[in-house]
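The values are calculated or read from the model by the stated rules, or taken from the named source; none is laboratory data. Note that the coordinates shown come from a computational prediction; the quantities given were computed from them, not determined experimentally. Note that we place each Cβ from the backbone using ideal geometry, even for glycine, and neighbour counts take in every protein chain shown.
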């Protein structure tokens, strides 16, 4: 029997390019799309008889490796890997890879799109027009406003470049500044938070204790500022954000990622008109999906054929 490869990424399916690539290498793809939290017994059995896995962003805990006696590699069809217990994977000798450099343009474009939507209040306007109203409230131009970028990996760089091209003043907080880049201003985190009209998160999770954007940092933002998160839901204290939005501490937020996905029915964010939420789709263009999925498939093939994968995150 060919080695079985579990695929949970919901846009991958039988007969596509990834499916054919795996079969060409003597592997058998099996599909179990991730569509929200799985029951406990299903999680425990997810890797039973599986040699490699191409995963969506679902959590992979230490307990899930108990029945993973044949598992050799997990490859994320995306960039983030904080949902995977790397220590447990290493203890079981399981390689973990991701797909960097595949979706940063997609993320940057959606980030700017969310900024434009909040600046021109497009969500409220389109809803009102459908309801028969004709709102004519003034929005804001982006040119001359300040875009703050926290994190300067590929998506942060791409977003900063687009912001500068739109005539925005771009402030960047990063441990890897580019002093010769005159289009951007590299400065400390607190300055970026205080000065930004639009504060966009592009950093990894796990770089600090607790959420990066908590009540004190929300309080430090301008009352006219907008928070944009297309990075990780865990970066933002959602209860503190809901209170800040309700109280007018900041003007608005646009969130593509949340602490719990899908958004729980009891989330305080549901009742707020000044928060725009999308369904973790920043990197989900057709082009980015193709690049990321092929990158993940090649990682699985490389490990199973005893080659070092291109993008390991475990070493």
Being farther than 21 Å from residue 283 by Cβ and part of a loop (DSSP other than H, G, I, E, B) is the filter here, so list the residues in region 135-165 that pass it.
135, 136, 137, 138, 139, 140, 141, 142, 143, 144, 145
Checking the structure you have, find out if any residue of region 263-280 is in the same structural domain as residue 148 (by TED's automatic domain parsing), touching a residue at least 40 places away in the same chain (Cβ under 8 Å) and buried (at least 21 other Cβ atoms within 10 Å of the Cβ).
no
Please state which of the following conditions residue 109 fails to meet, knowing it meets all the rest: (1) assigned to a helix (DSSP H, G or I); (2) within 23 Å of residue 260 (Cβ to Cβ).
(2)
When you check residue 162 against the structure, is it surrounded by fewer than 23 Cβ atoms within 10 Å (Cβ to Cβ), more than 30 Å from residue 86 (Cβ to Cβ) and not assigned by TED's automatic domain parsing to the domain that holds residue 83, yes or no?
yes
Looking at 37, 2 in this structure, which one is under 24 Å from residue 307 (Cα atoms) and touching a helix residue (DSSP H, G or I) at 6+ places or on another chain (Cβ under 9 Å)?
2
Of all residues in region 75-95 being outside any loop (DSSP other than H, G, I, E, B) and within 18 Å of the chain's Cα centre (by Cα), the one that is surrounded by the most Cβ atoms within 10 Å (Cβ to Cβ)
75
Does residue 132 fit the bill of being more than 20 Å from residue 205 (Cα to Cα) and part of a loop (DSSP other than H, G, I, E, B)?
yes
Just one of 19, 48 is assigned by TED's automatic domain parsing to the domain that holds residue 92 and crowded, with 16+ Cβ neighbours inside 10 Å; which is it?
19
